[in-house]
Amino acid sequence: MSTSKDIAKQKFGIDLSPMPAPETALMINVDSAKAVETCLKLRESGFSILTMLTAKCKDNGFEMVYMLDNWETRERVFVFASLPAQDPKIKSLTPDWEAADWLEREVYDMFGIVFEGHPNLQRIITPENFTGHPLRKDFTDTD
Amino acid sequence: MEEKIRTDLLEVNFGPQHPATHGVFRAVLTLDGEIVVGCKPVLGYLHRGIEKIAERLTYQQFIPYLDRLDYVSGFLNEYPYVRAIEKLMGIEVPIRAQYIRVLMMELNRIAAHLVNVGAQGLDLASMTPMVYCLREREYILELMAEVSGSRMTFNYFRFGGVKFDLPEGYLSKLDRFIHYFKDRLPEYASMLHRNEIFQARTKNIGILKPETALKLSCTGPTLRGCGIARDLRKDEPYEIYPTLDFDVISENTCDSYGRFLVRFKEIEQSVRIIEQTMPNLPEGPVMAKVPKVIKPPAGEIYCRVEAPIGEFGVYVVSDGSPKPYRVKLRSPSFSNLMSFPHIAQNISMPDVVAAFASLAPTMGDSDR
C-alpha cells in the first residue's frame with residue numbers, strides 16, 4: 001500500500017516534509033489562499049480525518065494549524081498557513097468538511113480570524129456580548 | 001365540517017441547568033409535537049480559559065489544571081501533556097513509572113466509564129444502577145487517592161515519571177478490589193443492558209452512521225459504537241500498551257445501545273489490563289533525572305491518548321522559555337458533541353436525553 005505522502009506527491013504535486021524532531025508527523029507550509037484547497041487535496045490522498053484545527057500567534061500575525069490523520073497508514077500531517085495581524089481572514093473549510101464547523105467557530109472566537117463562507121460564524125465558547133479575542137497575545141482582561 | 005387543528009413548532013431549551021446535560025450544556029430543540037425536528041447546541045457555560053491560563057504559568061504549574069478538564073478522568077488528561085513535554089526534552093521515563101501510569105490510567109478509565117454507564121441508566125429514569133456504579137467508583141477513587149493524595153484532581157504525573165511510588169501493600173488492596181469488582185459486572189448488566197426497558201429506550205435510537213462519525217472526526221466509544229475499531233492504545237501505542245493483551249471493542253449497531261455497550265465492555269478490558277500489569281510491576285525508581293527548571297527547546301509537538309470519551313490530544317508550542325507559548329487541548333467531547341444534532345434528529349424528546357447520555361460528554365472537557 002502506498003503512503004498518503006506518495007499519493008499527495010504523485011496526484012497533486014504536494015511535497016510533504018517531516019516536522020522537526022521529536023514530532024514525527026509530516027508538514028507543509030502553504031499560502032493562506034491555498035490552505036483549504038490543500039486540505040481537501042490531502043483528504044483525497046488519504047488523510048481523511050480532520051483531527052485538529054486551531055491557530056496560534058506568530059511573528060506579530062497568526063498561523064492557522066490544520067492537523068489531518070490517516071488512520072490506516074498511521075500518517076499525520078500538519079498544514080500551516082500564515083495570516084497577517086490586521087484583518088486576518090481565510091476561506092472556510094466547513095462547507096466541504098463538516099468537522100471544521102465548531103473548530104473554526106472556536107478559532108474565530110479565540111483569535112478573531114474570520115472564516116469566509118462559514119455558514120454560522122458566531123462565538124461558540126464565550127458569550128455573544130463578549131468583546132475581544134482571548135487567545136491573542138495582546139489580549140487584556142476585559143473587567 | 002371538520003375543523004382543522006392548527007399545529008405549531010415549539011422551541012424548548014434543554015439545559016443548561018438540567019441534570020441530564022452532564023454539566024452545563026444547552027440545546028435549543030425545535031419540537032413538532034413530541035418529535036424533535038431541530039437541535040442547536042449552545043456551549044461555553046463551563047469555559048475557564050484553561051488554554052490562556054497555560055500561557056501564564058510555568059510548565060509544571062499547569063499540570064493541576066488538566067485534571068479539571070474532564071473531571072472524571074484526571075489521569076488521562078494529565079498524561080498527554082506530560083508526555084509531550086517529555087518528548088520535547090528527550091526525557092526517558094523509568095519502566096516502573098510507566099507501569100504505574102498505565103495502572104492509574106486504566107483504574108481511572110473504569111471510574112469514568114462507571115459514571116457514564118450509570119448515568120445512562122439515570123437518564124432513562126432508573127436510579128439504582130447509578131447508585132451501584134458510584135458505590136464501586138468510590139472504592140476506585142479511594143485507591144487513586146491513596147496513591148496521589150486526591151480523589152479526582154490528582155496532580156500526580158510529573159515530567160519524567162510520577163510523584164510518589166505506590167504505598168506499601170497497595171497491590172494486594174488493588175487485587176482485592178478487582179476480585180470484588182469482577183463479580184459486580186453481571187449485576188450491572190442485569191440492571192442495564194439486559195433490562196428490556198433499557199433496550200427499548202436505546203436500541204435503534206440516536207442513530208449515528210459511520211460515515212457521519214468520520215466526517216465529524218468523532219472518536220472513542222462514539223466512533224466504536226459505529227463499528228469502527230479505532231483505539232489509540234492499539235493504533236498508536238504508548239507506554240507499555242504494546243506488551244499488554246486486550247481487545248478493542250466495537251459494536252455495529254450505530255445506536256445509543258451500541259455506544260453504551262462499548263463502554264460497558266471496555267470496563268472488562270480495563271480490568272484485564274490491570275490484572276496483567278499488577279504481577280509484572282518491576283522494581284526501580286519512579287522518577288527520571290530532570291532539571292529543576294523545565295525549559296523545553298523551541299519546537300512543537302502533538303501528543304494524544306485514548307481517553308474514556310475519545311482522542312484527547314495536547315498540542316504544545318514551546319519558544320524555549322519556562323512558559324508554554326501555546327497549548328491547544330483537543331478535547332474529545334467538543335468534537336463528539338458536533339454529532340449531537342444528527343443523533344437528536346426525529347426522535348422523541350425523552351429519547352433525546354438518552355441519546356445525549358450515550359455520547360457521554362463532559363462539559364468541563366468540551367468548554368475548557
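Looking at B:99, B:65, B:71, B:45, can you tell me which residue is closer than 17 Å to residue B:327 by Cα and in contact (Cβ under 8 Å) with a residue 12 or more places away in the chain?
The match here is B:65.
How many residues does segment A:24-53 hold that are within 13 Å of chain B (Cβ to nearest Cβ), open to solvent by 10 Å² or more (accessible area, probe 1.4 Å), in a loop (DSSP other than H, G, I, E, B) and closer than 28 Å to residue A:135 by Cα?
1
Let me confirm something: among A:56, A:5, which residue is surrounded by 18 or more Cβ atoms within 10 Å (Cβ to Cβ), closer than 28 Å to residue B:85 by Cα, away from chain B (no Cβ under 11 Å) and charged (D, E, K, R)?
A:5
Which numbered condition trips up residue B:219, out of (1) under 22 Å from residue B:75 (Cα atoms); (2) buried (at least 24 other Cβ atoms within 10 Å of the Cβ); (3) more than 14 Å from every other protein chain (Cβ to nearest Cβ)?
(3)
Could you please tell me which pairs satisfy a Cβ distance under 7 Å, a separation of 6+ or placement on different chains, a first residue in segment B:285-303 that is at positive phi and within 9 Å of another protein chain (Cβ to nearest Cβ), and a second residue that is modelled with pLDDT of 85 or more and buried (at least 21 other Cβ atoms within 10 Å of the Cβ)?
B:299/B:88; B:299/B:318
For segment A:89-104, enumerate the residues that are surrounded by fewer than 16 Cβ atoms within 10 Å (Cβ to Cβ) and either touching a Phe, Trp or Tyr at 6+ places or on another chain (Cβ under 7 Å) or under 16 Å from residue A:62 (Cβ atoms) (or both).
A:89
Here are the criteria: (1) more than 11 Å from chain A (Cβ to nearest Cβ); (2) crowded, with 21+ Cβ neighbours inside 10 Å. Tell me which single one residue B:314 does not satisfy.
The one condition residue B:314 does not meet is (1).
Determine which single condition residue A:86 fails, assuming it passes every other condition in (1) within 30 Å of residue B:52 (Cβ to Cβ); (2) open to solvent by 10 Å² or more (accessible area, probe 1.4 Å); (3) in contact (Cβ under 8 Å) with a residue 40 or more places away in the chain; (4) not acidic (Asp, Glu).
Of everything listed in (1) within 30 Å of residue B:52 (Cβ to Cβ); (2) open to solvent by 10 Å² or more (accessible area, probe 1.4 Å); (3) in contact (Cβ under 8 Å) with a residue 40 or more places away in the chain; (4) not acidic (Asp, Glu), residue A:86 misses just condition (3).
If you scan segment B:196-229, which residues turn out to be within 22 Å of residue A:52 (Cα to Cα) and in a helix (DSSP H, G or I)?
Step one: of segment B:196-229, the residues within 22 Å of residue A:52 (Cα to Cα) are B:208-226, B:228-229.
Correct list: B:210, B:211, B:212, B:213, B:214, B:215, B:221, B:222, B:223, B:224.
Take residue A:119 and tell me if it is away from chain B (no Cβ under 12 Å) and assigned to a loop (DSSP other than H, G, I, E, B).
Taking the combined requirement at face value, the residue satisfies it.
Residues to consider are B:327, B:286, B:290, B:353; find the one that is of a type in the set (Val, Ile, Thr) and within 24 Å of residue A:57 (Cα to Cα).
B:327
Against the condition more than 13 Å from chain B (Cβ to nearest Cβ), within 14 Å of the chain's Cα centre (by Cα), assigned to a helix (DSSP H, G or I) and surrounded by 18 or more Cβ atoms within 10 Å (Cβ to Cβ), how does residue A:107 come out, does it pass?
In short, no.
State whether one or more residues within segment B:280-294 are out of contact with any Pro (no Cβ under 7 Å at 6 or more places or on another chain) and closer than 30 Å to residue B:194 by Cα.
No, there is no match, as no residue in segment B:280-294 is out of contact with any Pro (no Cβ under 7 Å at 6 or more places or on another chain) and closer than 30 Å to residue B:194 by Cα.
Look at segment B:26-75 and say how many of its residues are closer than 30 Å to residue B:206 by Cα, within 14 Å of chain A (Cβ to nearest Cβ) and part of a loop (DSSP other than H, G, I, E, B).
Here the count works out to 6.
Within segment A:110-143, take every residue that is of a type in the set (A, V, I, L, M, F, W, C) and under 23 Å from residue B:213 (Cα atoms) and give me the one that is most open to solvent (accessible area, probe 1.4 Å).
Step one: list which residues in segment A:110-143 are of a type in the set (A, V, I, L, M, F, W, C), which gives A:110-111, A:113-115, A:121, A:124-125, A:130, A:135, A:139.
After this cut, where a residue has to be under 23 Å from residue B:213 (Cα atoms) as well, the list is A:121, A:124-125.
Values: A:121: 45, A:124: 8, A:125: 6 Å².
Once the filter is applied, the top-ranked residue is A:121.
Residue by residue, here is whether (1) under 16 Å from the mean Cα position of the chain (by Cα); (2) hydrophobic (A, V, I, L, M, F, W, C); (3) at pLDDT 90 or above; (4) not in a loop (DSSP other than H, G, I, E, B) holds:
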site	(1), (2), (3), (4)
B:271	no, yes, yes, yes
B:279	no, no, no, yes
B:291	no, no, no, no
B:302	no, no, yes, yes
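The values are calculated or read from the model by the stated rules, or taken from the named source; none is laboratory data. Remember, it's a predicted structure, so these values are computed and weren't measured experimentally. All Cβ positions, glycine included, derive from the backbone under ideal geometry; neighbour counts span all protein chains shown. Protein only, heavy atoms only, side chains kept; ligands, DNA and RNA dropped before computing areas. Shrake-Rupley method; radii C 1.70, N 1.55, O 1.52, S 1.80 Å.
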